[in-house]
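Trainee: The structure under discussion is supplied below as structure tokens; questions concerning it will follow.
The values are calculated or read from the model by the stated rules, or taken from the named source; none is laboratory data. What you are looking at is a predicted structure, and each value in this text was computed from that prediction instead of being measured. Note that we place each Cβ from the backbone using ideal geometry, even for glycine, and neighbour counts take in every protein chain shown.
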Amino acid sequence: MIDEKYPPGKRKIIKALRTLLEDREFNSVTTSDIAKTAGVTEGLIYKYFANKRDLLYQVLKEHIDQFLFKVEKDLEGSLSSLDKLKAIVHSSVYSYAKHRVFAKMLLIEVRNSPDYFSSDACNLIRLHVKNILGIIETGIKNCEIKETLNPIAIREVLLGAIEQGCISKIIFNRKIDVDKITEDICDIVFNGLSQN
């Protein structure tokens, strides 16, 4: 959902880039294409955005806002920290499966650009990652997760597993089995590799 507080022209521009990204790679989309799709002048794009990449980060921010809203809903009713972590894994894999264009942008495209790391979109991701760490730390405090484990390492393993479980399927447009990937990741991370 595009923020209703934005002026109509800005909303049209954001919506236009989202629409164009459904069928095309970001680098092949021009500001002229965006303006034409939005039904505005190219100059209006530069009134609201520093450049095309700044617009991309705004589009990603809108997408991440929606994702975080869904995660919040998915966490409702989850009692244990492990249940919450499983819900986050499922929500993440589901989002990558359903929104392939945004998955490509987040996993491949924007990480090459240093300016992404100072964007509002990246700040939202940082907040999400911080919240995951909080859930892990609560799990340790409540004796659900071994206190000898490093919470930051657990978070990195979880996030890395989600990305690795999805990225090749995203790149090669293969089916993502959300439930299977979620179960596999949670089984390995929660139960470990040892036979004991």
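Trainee: Just checking, how many residues over segment 151-196 are surrounded by fewer than 18 Cβ atoms within 10 Å (Cβ to Cβ), small (G, A, S) and either in contact (Cβ under 8 Å) with a residue 40 or more places away in the chain or not in a loop (DSSP other than H, G, I, E, B) (or both)?
Mentor: 3
Residue-by-condition table, conditions (1) over 19 Å from Y96 (Cβ atoms); (2) of a type in the set (F, W, Y); (3) without any contact (Cβ under 8 Å) to a residue 40 or more places away in the chain; (4) in contact with an Asp or Glu (Cβ under 8 Å, 6 or more places away or on another chain):
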{"position": "I108", "(1), (2), (3), (4)": "no, no, no, no"}
{"position": "S113", "(1), (2), (3), (4)": "yes, no, no, no"}
{"position": "N123", "(1), (2), (3), (4)": "yes, no, yes, no"}
{"position": "V129", "(1), (2), (3), (4)": "no, no, yes, no"}
{"position": "L133", "(1), (2), (3), (4)": "yes, no, yes, no"}
{"position": "E137", "(1), (2), (3), (4)": "yes, no, yes, no"}
{"position": "N142", "(1), (2), (3), (4)": "yes, no, no, no"}
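Trainee: K98: under 18 Å from T182 (Cα atoms), without any contact (Cβ under 8 Å) to a residue 12 or more places away in the chain, surrounded by fewer than 21 Cβ atoms within 10 Å (Cβ to Cβ) and basic (K, R), yes or no?
Mentor: yes
Trainee: Sticking with this one: Given the residues V178, V129, V189, which is the only one that is under 12 Å from the mean Cα position of the chain (by Cα) and not small (G, A, S)?
Mentor: V129
Residues checked against (1) small (G, A, S); (2) outside the structural domain of E163 (by TED's automatic domain parsing):
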residue	(1), (2)
L44	no, yes
L56	no, no
K61	no, no
I64	no, no
K73	no, no
S78	yes, no
D83	no, no
Y96	no, no
R100	no, no
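Trainee: Could you please let me know if S28 is surrounded by fewer than 17 Cβ atoms within 10 Å (Cβ to Cβ) and either farther than 24 Å from N173 by Cα or of a type in the set (F, W, Y) (or both)?
Mentor: No: the conditions fail for S28.
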